[in-house]
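The values are calculated or read from the model by the stated rules, or taken from the named source; none is laboratory data. Owing to the predicted nature of the structure, the values given are computational and were not obtained by experimental measurement. Here the Cβ positions follow ideal geometry from the backbone for every residue, glycine too, while neighbour counts run over all protein chains shown. Areas reflect the complete protein model, heavy atoms only, side chains present, ligands, DNA and RNA absent. Shrake-Rupley method; radii C 1.70, N 1.55, O 1.52, S 1.80 Å.
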Amino acid sequence: MQETILYIAVSIDGYIATESGTIDWLDLTRVPLVLSSQYTQFYDTVGAVVMGNKTYKQITTELAVDNYPYNDVQSYIFTHQPSTNTDSITFLNEPVDVALPKIREATVGNIWIVGGNSVIQPLIEKNLIDTYIITVIPVFLGKGIRLFETFDSDQYEFIMKSTTLENGMVTYTFKK
């Protein structure tokens, strides 16, 4: 069964980016990245990735310059900037919660919500995320862009499990 999954890293104090929107705090030299079998198994189920334009630009200009990591699945990038689609990248200028049903229909496999608070928040508010996989990175930011903004939590119920990764980081999984 197809799922819409938010799989994301967060600081101990709940931030996904600094105040300026950077993700340089994901300095994995302090906590070495060990490609987890959990990630590999997850990615094998993904048919599409969804992200905001800021996240897309961070990936293509900071994290994976000249080596876009999601070329093997369809990417949907939400932006207000005019952009040119490619065979594997579609730029959308509409609300993510409106576009998601169309993306689900066009996708074989799971849909990974990669990031961007402007993408995540509307999906949370409309209860459109089936599974949350959140990896806690052992750093305190103190301020920045929160993973979760204010929303009505009474409408959500989750079953939770936690997994300690090979490098000691912990991943929490929440399902509807």
Flagged in region 97-152 as in contact with a helix residue (DSSP H, G or I) (Cβ under 8 Å, 6 or more places away or on another chain), aliphatic (A, V, I, L, M) and closer than 15 Å to residue 8 by Cβ, in numbering order, are 111, 113, 114, 119, 123, 129, 133, 145, 147
Of 66, 44, the only residue that is over 30 Å from residue 143 (Cβ atoms), open to solvent by 30 Å² or more (accessible area, probe 1.4 Å), over 17 Å from the mean Cα position of the chain (by Cα) and acidic (Asp, Glu) is 66
Notebook entry, point to check: Does region 97-105 include one or more residues that are in contact (Cβ under 8 Å) with a residue 40 or more places away in the chain and either under 26 Å from residue 170 (Cβ atoms) or open to solvent by 20 Å² or more (accessible area, probe 1.4 Å) (or both)?
Noted result: yes
Inside region 140-168, the number of residues satisfying the requirement of being crowded, with 17+ Cβ neighbours inside 10 Å and either modelled with pLDDT of 85 or more or over 29 Å from residue 40 (Cβ atoms) (or both) is 5
Filter region 47-63 for residues that are of a type in the set (A, V, I, L, M, F, W, C) and crowded, with 19+ Cβ neighbours inside 10 Å; the one that is nearest to residue 100 (Cα to Cα) is 50
Checked 86, 131, 171, 79 against criteria (modelled with pLDDT of 90 or more and either under 13 Å from the mean Cα position of the chain (by Cα) or buried (at least 18 other Cβ atoms within 10 Å of the Cβ) (or both)); the one match is 131
Result of the Cβ filter at 9 Å on region 68-82, keeping first residues that are farther than 13 Å from residue 109 by Cβ and in contact (Cβ under 8 Å) with a residue 40 or more places away in the chain and partners that are assigned to a strand (DSSP E or B) and open to solvent by less than 90 Å² (accessible area, probe 1.4 Å), at least 6 apart or interchain, is 78/50; 78/51; 78/52; 78/91; 78/92
Counting only residues in region 107-126 that are in contact (Cβ under 8 Å) with a residue 40 or more places away in the chain and of a type outside the set (Val, Ile, Thr), the one farthest from residue 161 (Cα to Cα) is identified as 118
